[in-house]
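The values are calculated or read from the model by the stated rules, or taken from the named source; none is laboratory data. Small disclaimer: the values here were computed from a predicted structure and weren't measured. Positions of Cβ are generated from backbone atoms using ideal geometry, with glycine treated the same way; all protein chains shown enter the neighbour counts. For the accessible areas, the whole protein counts, side chains as well, though only heavy atoms, and no ligand, DNA or RNA atoms are used. Shrake-Rupley method; radii C 1.70, N 1.55, O 1.52, S 1.80 Å.
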Amino acid sequence: QVQLVESGGGLVQAGGSLRLSCAASGCTFSSPVMGWFRQAPGKEREFVAAIRWSSTSTSYADSVKGRFILSRDSAKNTVYLQMNSLKPEDTAVYYCAARRDSFVATGPQDYDYWGQGTQVTVSS
């Protein structure tokens with residue numbers, strides 16, 4: 001059974017940084033894509049970033065490009081989302097997701113497994 005557990009959310013002032021972690025267990029597929037999505041109140045879940053586990057190639061939403069960095073530690077089965085220069089509009093619940101297919105996708109419907117989410121609040 002695949003489990004994704006996020007951690008690292010919290011409250012930060014605008015311009016600050018946070019690092020989210022997503023620990024994966026039970027993944028038997030060989031080369032998944034790990035993604036981060038976020039959902040603000042009253043809005044749809046949106047793509048933030050994704051990484052191909054095998055190649056470490058990454059993809060980012062335009063809104064976070066240059067500010068967020070996605071990486072992974074294969075020994076720990078963990079992906080990290082380093083979020084810098086945070087803005088109030090980054091406030092949302094952030095979800096980690098896993099996709100069995102090895103090609104990056106940006107739609108929530110393309111991901112097979114989800115974590116429970118972690119709240120990120122950026123104050124102005």
Inset, instruction - Would you point out the residue of the range 62-85, among those that are more than 23 Å from Gly26 (Cβ to Cβ) and more than 11 Å from the chain's Cα centre (by Cα), that is surrounded by the fewest Cβ atoms within 10 Å (Cβ to Cβ)? - result: Asp62
Inset, instruction - Give the residues of the range 86-124 that are part of a loop (DSSP other than H, G, I, E, B) and open to solvent by 60 Å² or more (accessible area, probe 1.4 Å), sorted by residue number. - result: Lys87, Arg100, Asp101, Phe103, Thr106, Asp112, Gln116, Ser124
Inset, instruction - Mind counting the residues in the range 65-124 that are under 10 Å from Gly35 (Cβ atoms) and polar (S, T, N, Q)? - result: 1
Inset, instruction - Look at Ala24 and say whether it is touching a Pro at 6+ places or on another chain (Cβ under 7 Å) and either in a strand (DSSP E or B) or surrounded by 13 or more Cβ atoms within 10 Å (Cβ to Cβ) (or both). - result: no
Legend entry - Residues satisfying the stated conditions in the range 29-59, i.e. of a type in the set (Val, Ile, Thr) and in contact (Cβ under 8 Å) with a residue 24 or more places away in the chain: Val33, Val48, Ile51
Legend entry - Among the residues listed as Ala50, Ala14, the single one being more than 14 Å from Gln119 (Cα to Cα) and under 11 Å from the mean Cα position of the chain (by Cα): Ala50
Inset, instruction - Give the residue, chosen from Val120, Val93, that is among the β-branched types (Val, Ile, Thr), under 16 Å from Glu6 (Cα atoms) and in contact with a Leu (Cβ under 8 Å, 6 or more places away or on another chain). - result: Val120
Legend entry - Which listed residue, of Ala98, Ala14, Ala50, Ala23, is in contact with a helix residue (DSSP H, G or I) (Cβ under 8 Å, 6 or more places away or on another chain) and not aromatic (Phe, Trp, Tyr): Ala14
Inset, instruction - Considering (1) under 23 Å from Ser25 (Cβ atoms); (2) touching a strand residue (DSSP E or B) at 6+ places or on another chain (Cβ under 9 Å); (3) open to solvent by 20 Å² or more (accessible area, probe 1.4 Å), say which one Ala50 fails and leave the rest. - result: (3)
Inset, instruction - Inspect all residues belonging to the range 31-47 and state whether any of them is open to solvent by less than 20 Å² (accessible area, probe 1.4 Å), out of contact with any Ser or Thr (no Cβ under 9 Å at 6 or more places or on another chain) and more than 23 Å from Ser123 (Cα to Cα). - result: yes
